[in-house]
Amino acid sequence: MNCALLSLNKPPTAIARPSERFTGEAGARWTPSCRFGVSRPPLGAVLLGILVRAGPARTTKERNEEVIDYEVDKDGIAHITWNNPNGPVNVKTPAAINAFARAVDRAINDDTVRAALVRSAKRDYVAGGDLMALYATQTPEEVQAMVGPVGACLRAIERSSKPFAAVITGSALGGGLEVALACHRRVASDDARVQLGCPEVNLGLIPGAGGTQRLPRLIGIAPATKMLLEGKPIGAQQALACGLVDEIVPADRALDAASRWLLDHPSAQQPWDRKGFQYPGFQPNSPEGQAFFDDAFTERQRKSPPEDVAPHAVLEVLREGLAVDIDAGLAIEARRFGTVAISPSAKNRIRTQFIATGAVRKTAQSGAGAATFTPTRIGVVGAGTMGGGIALVCARSGIETVLIDRTEEEARKGLDRITKTLDVAVTRQLMGQGQRDETLARIEVTTDFGRLEGCQAVVEAVAEITEVKSEVFRKIFDAAGPDVLVASNTSTLSITKMAETVQIPGNFIGLHFFAPVDRMALVEVVMGSQTSAESLARSKSLLALLGKTPVVVNDGPGFYTSRVVAAYSREALQMLGEGVSPELIDKAAAMAGFPIGPLAMSDLTSYDLLRDILTSLAKAGRGTAVQSQPALDVIDRLLRAGRVGRKGAGGVYSYGPTGKTVWDELPSVFPSQQQQPDASVVMERLLNMQSIETTHVVAEGIASDPLALDLGAVLGWSYPAFRGGVLAHIDQVGLRQFVKRSDEMATEFGPRYVVPALLREMAASGASFHASH
């Protein structure tokens, strides 16, 4: 057991724990003696490769610190090849950067070398920097010391009297693209695997080795800004069209093409180092350039809260750095990179989207039977939106899939929806026609449960009615046999209770997928009281095959995700009943960073379904559901008025051809307060309520891995990634301050704000959910 993945950071040593059977690994328990995040090995090194030291270069073909291969060919071209021996990816760790810099220096200063090729021996080009090392930094100076050497090396390449060319045969993202940008020529192979981009903003960062300065000077300010802010990669053909690469050739000819160019251009120079350089398109200081940045800043303020530092920093660095020469611009970028990298939003994103994702996926590969369970035939019962989506991802992963529904018509409708999804993917060039046809060929639609014979796993996705599900489970085990893994795709029903109706409860588990299944990475894995460790391991192995990220929790009302989302919705509805403007409530959520407001989300859920969910949780009487009646009263008043939600005539909002507007009769049903609260107070209520409910989940033993819980929030209901997650939010406020403020809010707004004893004890002991960095 890796206690670092299962415990809170410095929790109080004398916490009375409820009975709990599972917290992150099969059979594991919450261990208060472990410091969360401290005993974990450097995950960045584990995932991306650790580099080892070797002696200095001595021969024509040799290794610099076993990271860089160096060879001079017969034409006098130095081949500088990134070749990490300890992993599948080349990472810009300090050791790798030093080795690369020495190889570059050697090529520049060797009179027998005429030019240099920078390429990779791996499938991809060069990945970004060592995120774990970056995560550990605490001052801008530390960060700048990390990027300074690579920045100097890349500038040396540009200012060399010898031409350098990059040969790109796979992905060149982030720091890898920055290496390629510094070369005088970029040759890409004609391969769908070639992807180029600057994804740093997705981890709360900005490029730190020249990306914000070289990219716009190469392809123009507007297209570069789009790439830098969106963080989405582009393919080779798009890169050629915008000027990011100079040539596309078949992979087996890429080296020859680059070599020919080098020999034909012995005095290559970067455009921005030439006298009279002009940006492609408009110039930064022109009226058009000034208008572009004014509009970009306005749009960014609308889309991204100021606490999400990176997007705003990208625009600042572009506006300031592009108005001066390249060296001054690079200095501006390096300084801003230092402040961005130590910001809470960067630390939160790296921890949740990199460290947590890696840790959760790593545990998915562990456990008895995980490595040997590779199902070739799977059944899915229920061809609706969820069942069809599950069948699609199974078939897309190469697994023969049996899709069952009550009638041929329903089963066929399910297949039609799958076909439509695949056709859209082909249209958007996300898959080829052949891959689409092969995926469909793996799906058999039927009403015959007998076709489940030979299935190693079956996922049930029928209506959320216990009696209906129980009958389905009986038929599954009768057809597939007692050893089959059976999973229920339920968001609320008790796995333990449903397991009482099956032949072998140990083979029964909950797999809560999220819609749309083909695009949502998260699956909430729910352990019933009798679910076996082997069933957990088999489930995680299956999800790994499907490319999903599992977050494992114990059974309990609403599990984790549904329970916290219900608390979020309940708080918004209660505020509506108090007379808070619906526009203010959803605006406050947008200010917090949520892509959709809680009332708009409730409209989408529909109020009849939401009433059932909240009523069920209220009966369980756990956590913040102790005060559910005000929100239920709001739902009842909406339903009496015929406002079911978006699936009907509308809910809080009306939906017409001109878009979404507040229901015109809403003020008569819910009169507005004369003095509306400040948006910051509304935002605080929405954020804190989710965090408080999550602490109840931890206190009750439903789950206790802060990384997994925060990752589940970000992946499950689009909790703002720059905030790190529901527990990271408490750390950000400070546990003592959070408890103090919760007590004040309990007095003002109601007892649902009272925090569990666990949080009070943690606050008193100076603990936190995540280790400080």
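The values are calculated or read from the model by the stated rules, or taken from the named source; none is laboratory data. In this text the structure is predicted, and so the values were computed from the model without any measurement. Cβ: placed from backbone, ideal geometry, glycine included. Neighbour counts: every protein chain shown.
In this entry, Val402 is excluded by the filter for residues that are part of a helix (DSSP H, G or I) and on the phi < 0 side of the Ramachandran plot. Just to be sure before I move on: is Ala156 out of contact with any Ser or Thr (no Cβ under 7 Å at 6 or more places or on another chain), surrounded by fewer than 17 Cβ atoms within 10 Å (Cβ to Cβ) and modelled with pLDDT of 95 or more in the structure I sent? Against the criterion (out of contact with any Ser or Thr (no Cβ under 7 Å at 6 or more places or on another chain), surrounded by fewer than 17 Cβ atoms within 10 Å (Cβ to Cβ) and modelled with pLDDT of 95 or more), Ala156 qualifies. Of everything in segment 723-741, what is surrounded by fewer than 23 Cβ atoms within 10 Å (Cβ to Cβ) and not aliphatic (A, V, I, L, M)? Give them in sequence order. Within segment 723-741, Gln732, Gly734, Arg736, Gln737, Phe738, Lys740, Arg741 meet the criteria. On the stretch given as segment 451-467, residues that are surrounded by fewer than 24 Cβ atoms within 10 Å (Cβ to Cβ) and modelled with pLDDT of 90 or more total 5.
From the list Ala133, Ala127, the one residue that fits, being under 29 Å from Pro344 (Cα atoms), among the small types (Gly, Ala, Ser) and assigned to a helix (DSSP H, G or I), is Ala133.
Scanning for something assigned to a helix (DSSP H, G or I), assigned by TED's automatic domain parsing to the domain that holds Ile206, in contact (Cβ under 8 Å) with a residue 24 or more places away in the chain and among the hydrophobic types (A, V, I, L, M, F, W, C), does segment 272-288 turn up at least one residue? Yes, segment 272-288 contains at least one residue that is assigned to a helix (DSSP H, G or I), assigned by TED's automatic domain parsing to the domain that holds Ile206, in contact (Cβ under 8 Å) with a residue 24 or more places away in the chain and among the hydrophobic types (A, V, I, L, M, F, W, C). Taken over segment 157-177, residues that are touching a Phe, Trp or Tyr at 6+ places or on another chain (Cβ under 8 Å) and among the small types (Gly, Ala, Ser) amount to 6. Out of (1) over 36 Å from the mean Cα position of the chain (by Cα); (2) modelled with pLDDT under 85; (3) buried (at least 20 other Cβ atoms within 10 Å of the Cβ), the odd one out for Lys92 is which? If we test Lys92 against (1) over 36 Å from the mean Cα position of the chain (by Cα); (2) modelled with pLDDT under 85; (3) buried (at least 20 other Cβ atoms within 10 Å of the Cβ), just (1) comes out false. Contact annotation: residue pairs with Cβ atoms under 8 Å, 6 or more positions apart or on different chains, pairing a residue in segment 611-640 that is without any contact (Cβ under 8 Å) to a residue 12 or more places away in the chain with a partner that is surrounded by 18 or more Cβ atoms within 10 Å (Cβ to Cβ) and of a type in the set (A, V, I, L, M, F, W, C), are Gln629/Ala618. Among the numbered conditions (1) over 18 Å from Arg217 (Cβ atoms); (2) at pLDDT 95 or above, the only one that Asp252 does not meet is (2). Going through (1) in a loop (DSSP other than H, G, I, E, B); (2) surrounded by fewer than 20 Cβ atoms within 10 Å (Cβ to Cβ) one by one, Ala544 falls short only on (1).
May I ask you to verify whether Ala461 is farther than 30 Å from Asn507 by Cα and small (Gly, Ala, Ser)? Answer is no for this residue. When you check Arg640 against the structure, is it at pLDDT 95 or above, outside the structural domain of Val309 (by TED's automatic domain parsing) and out of contact with any helix residue (DSSP H, G or I) (no Cβ under 8 Å at 6 or more places or on another chain), yes or no? Criteria met by Arg640. Among the residues of segment 239-256, those that are surrounded by fewer than 17 Cβ atoms within 10 Å (Cβ to Cβ), part of a helix (DSSP H, G or I) and of a type in the set (Gly, Ala, Ser) comprise Ala241, Ala251.
Checked across segment 653-660, the condition of being over 19 Å from Met575 (Cα atoms) and crowded, with 24+ Cβ neighbours inside 10 Å holds for no residue. Selection of segment 646-664 for residues being β-branched (Val, Ile, Thr), in a loop (DSSP other than H, G, I, E, B) and out of contact with any Leu (no Cβ under 9 Å at 6 or more places or on another chain) yields only Thr658.
Restricting attention to segment 606-627, the residues that are closer than 15 Å to Glu571 by Cβ and surrounded by fewer than 20 Cβ atoms within 10 Å (Cβ to Cβ) total 3. Answer yes or no: is there a residue in segment 226-238 that is within 23 Å of Leu117 (Cβ to Cβ), buried (at least 24 other Cβ atoms within 10 Å of the Cβ) and out of contact with any Pro (no Cβ under 7 Å at 6 or more places or on another chain). No, because not a single residue in segment 226-238 is within 23 Å of Leu117 (Cβ to Cβ), buried (at least 24 other Cβ atoms within 10 Å of the Cβ) and out of contact with any Pro (no Cβ under 7 Å at 6 or more places or on another chain).
Can you confirm whether Val324 is of a type in the set (A, V, I, L, M, F, W, C) and in contact with a Leu (Cβ under 7 Å, 6 or more places away or on another chain)? Against the criterion (of a type in the set (A, V, I, L, M, F, W, C) and in contact with a Leu (Cβ under 7 Å, 6 or more places away or on another chain)), Val324 does not qualify.
Mind checking which pairs have a first residue in segment 676-688 that is over 19 Å from Gly577 (Cβ atoms) and a second that is part of a helix (DSSP H, G or I) and basic (Lys, Arg), Cβ under 9 Å, 6 or more apart or different chains? These pairs meet every condition: Leu687/Arg723.
Within segment 372-385, not a single residue is in a helix (DSSP H, G or I), within 22 Å of the chain's Cα centre (by Cα), at pLDDT below 95 and closer than 30 Å to Asp710 by Cβ. Residues that are surrounded by fewer than 20 Cβ atoms within 10 Å (Cβ to Cβ) and in the same structural domain as Lys303 (by TED's automatic domain parsing) do occur in segment 173-191. Whether any residue in segment 619-626 is in contact with an Asp or Glu (Cβ under 7 Å, 6 or more places away or on another chain), closer than 19 Å to Ser491 by Cβ and not charged (D, E, K, R) is what I want to check. Yes, segment 619-626 contains a residue that is in contact with an Asp or Glu (Cβ under 7 Å, 6 or more places away or on another chain), closer than 19 Å to Ser491 by Cβ and not charged (D, E, K, R). When Ala592 is tested against (1) within 23 Å of the chain's Cα centre (by Cα); (2) within 20 Å of Asp633 (Cα to Cα), only condition (2) is not met.
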